[in-house]
Amino acid sequence: MSDVTILILWNYMQLAEVKITPARRAPWQQDGGNSFRYDDMVAPFTKNGKTITPTTMARFADQTLRQTDKLVGMLGRPVGLVSYKPYHSSGEDFLQNYLGMIGLPMDMHPQWREGQQQILLTEQAAKDPQLVERIKKQLKGGGDVIITTGLLKAINKQLADVTELYCGDLKAIVSDFGFAGKAEREFIIPQVKYYTNDAWEVISAGRPLTGGVSGYPILLRNTYSKGTLFVLTIPDDFGNLYDFPAGALNVVRRIMSKDVGAYIEGPSKVALFPYDNKTLVVENFNDKAVSLRVVINNKVSVLRNLLSGEQLKPVEVKTSRNRFYGYGDGQTVFELSLPAHSYVGLGY
C-alpha cells in the first residue's frame with residue numbers, strides 16, 4: 001500500500017483572487033538565503049513561449065509546492081509525541097498547535113495508542129471514562145505519561161490514587177525560570193500544588209525565582225510503579241509558551257523525545273518534523289535567523305543536508321549523569337543556523 005498525501009485548500013479564493021502587492025515583501029526577506037524568496041516568486045517567467053508576470057497568491061502556492069516536492073520523496077512516515085484526543089472531545093483546544101511551535105512534534109490520535117514510551121494527554125483526554133485506568137497501565141508498564149494542567153484540573157479526584165497533585169483556580173505571574181533562563185515578559189500560569197518530596201520540580205518559575213520568595217512548577221514529575229508522570233504547566237494564554245526561555249524549552253524537548261529519537265535546542269517558533277527513516281525537517285518560523293542544536297538520541301557520524309548533500313560533523317559536548325539536563329553518552333549533537341522563515345531537510 002502506498003502513502004497518499006492529501007492537500008486541502010480551505011479557501012481557493014485567497015489564492016486566485018488575492019493580489020500580490022509589494023507590502024507582502026516582509027523586512028526579513030532582505031536578509032537573503034531564505035527558503036521562500038518574494039523576489040523570485042514575483043519574477044516574470046516563461047510558459048508555452050509566453051512571458052507571464054505573477055499577479056495573485058496562487059503563484060506563491062505553486063512555487064512553494066514545487067520547492068517542497070524536491071524534499072518530500074526523501075522523507076518517511078511522520079513520527080512524534082503521541083497525543084490522545086478522543087472523538088468529539090474538547091478542552092485546551094488547539095494546544096497541540098502551540099506545542100508544535102515550541103519544537104514538540106505532535107502525533108495526534110483519536111484512540112489510545114499502546115506500546116508507546118510516552119503519551120501526552122491534554123484536557124481533551126478527560127472525555128474517556130477509562131482514562132485513569134489507561135494511565136495506570138502505561139505507568140505500570142514503565143512508560144511516561146505527560147499531562148497538562150488543564151487535564152490535571154479536570155480529573156484531579158480520579159487521579160488521587162496515582163499522585164497527590166492539585167490544580168485549582170490560583171494563579172501566579174512568572175518570568176524567571178532560574179538557571180533555565182528568563183522570559184522577556186511576565187505571564188500568568190495556574191499554580192500546581194503538591195507534597196514536598198512526593199513530587200519534584202524539573203523546571204520552576206517565579207517573579208523572580210532567583211533570589212525570590214516563591215516558585216511554581218513548570219514541569220513536575222512524580223513516580224508511580226515503574227513509570228513517571230509529568231505535569232506540564234500551560235499558561236493561561238497558550239501563546240505565552242513562546243515566551244518560555246530556550247533553556248526551559250530544551251529540557252521539555254529532551255524529556256519528551258523518547259519516541260521521536262531526536263530533538264532540537266533553541267528558541268521557540270522553531271518546529272521539528274521527524275520521520276521513521278532517520279530523516280527530519282527543521283523549520284524556523286521566526287522573523288530572524290536562529291542558531292540551533294539538533295540532538296540525535298543515539299550515536300551517528302554525520303548529519304547530512306538531504307538536498308545539498310552537505311555533511312555536518314558532531315560537536316564535542318560534555319556528558320551529564322542528570323537525565324533531565326545536559327547530554328547522555330548515547331547522544332550526538334550538531335549545530336546549525338537557519339535564516340528567517342526557512343527550513344532544512346536532514347538525514348542521519
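Fully extending the segment from LYS318 to ASP40 would add 95.8 nm, taking 0.36 nm per residue of separation and subtracting the current Cα-Cα distance.
Solvent exposure of region 31-154 amounts to 51 Å² per residue of accessible area, where only protein heavy atoms count and the probe is 1.4 Å. Which of rounded, prolate, oblate describes region 82-180, given a ≥ b ≥ c as roots of the alpha-carbon gyration tensor eigenvalues and a/c under 1.5 marking rounded, otherwise prolate only if a/b is larger than b/c? Rounded. Could you state the accessible area per residue of region 170-247 in Å², with a 1.4 Å probe and every protein chain left in place? Each residue of region 170-247 exposes 48 Å² on average to a 1.4 Å probe. Ordered from highest to lowest accessible area with the whole protein assembly present and a 1.4 Å probe, ASP236, ASP31, ASP243 read as ASP31, ASP236, ASP243. The shape of region 223-348 comes out oblate: with a ≥ b ≥ c from the C-alpha gyration tensor, a/c is at least 1.5 while a/b does not beat b/c. Accessible surface for GLU265 stands near 30 Å², nearest 10, in the context of the full protein assembly shown (1.4 Å probe).
Count charges around PRO44 for me, please; just the other residues with Cβ under 13 Å from its Cβ, Lys/Arg as +1, Asp/Glu as -1. It works out to a net charge of +1.
Of all accessible surface on the chain at a 1.4 Å probe, what whole percent is carbon and sulfur? It is 51 percent, rounded to a whole number. Just to confirm a number: summing +1 for Lys and Arg and -1 for Asp and Glu over residues other than SER301 whose beta-carbon lies under 15 angstrom from that of SER301, what do you get? Overall, the nearby charge balance is +2. Scalar couplings 3J(HN,Hα) for region 129-136, obtained by applying the Karplus form with A = 6.51, B = -1.76, C = 1.60 to θ = phi - 60°, are x, 9, 4, 4, 5, 5, 4, 4 Hz; x denotes Gly and Pro. Take the alpha carbon gyration tensor of region 1-122, find the square roots of its eigenvalues, order them as a ≥ b ≥ c, and report rounded if a/c is under 1.5; if not, report prolate when a/b exceeds b/c, else oblate. Cα axes put region 1-122 in the prolate bin. Helical content alone sets the calculated 222 nm signal of the chain at -4500 deg cm²/dmol, taking -39,500 (n - 2.57) per DSSP H segment of four or more residues and averaging over every residue. Estimated translational diffusion coefficient (Stokes-Einstein, Kirkwood radius over Cα pairs, 10 °C, 1.306 mPa s) of region 134-274: 102 µm² per second. Viscosity 1.002 mPa s, temperature 20 °C: give me the Stokes-Einstein translational D for the chain in µm²/s, with Rh taken as the Kirkwood radius over C-alpha pairs. The calculation lands on 97 µm²/s. Put TYR166, TYR325, TYR38 in order of accessible area, highest first, and with a 1.4 Å probe you get TYR166, TYR325, TYR38. Highest mobility in the GNM of the chain, judged by mean-square fluctuation with C-alpha springs under 10 Å and restricted to GLY150, GLY73, GLY247, is found for GLY73.
The heavy atoms of GLU114 present about 100 square angstrom of accessible area, all protein chains included, probe 1.4 Å. Partners of LYS136 within straight-line reach, counting aspartates and glutamates whose Cα lies under 16 Å from its Cα and excluding those fewer than 8 residues away in the same chain: GLU114, ASP128, ASP144, ASP161, GLU164. Measuring only protein heavy atoms, the 1.4 Å probe finds LEU306 accessible over about 20 Å². With each label modelled as a point 7 angstrom along the Cα→C-beta vector, the LEU307-LYS258 pair spans 3.6 nm.
The values are calculated or read from the model by the stated rules, or taken from the named source; none is laboratory data. Treat the numbers as computed from the prediction; the structure is a model and nothing was measured. Methodologically, a virtual Cβ is constructed for each residue, glycine included, from the backbone with ideal geometry; neighbour enumeration extends over all protein chains shown. When the accessible area is computed, the model is the full protein with side chains, heavy atoms only, and any ligands, DNA or RNA have been set aside. Shrake-Rupley method; radii C 1.70, N 1.55, O 1.52, S 1.80 Å.
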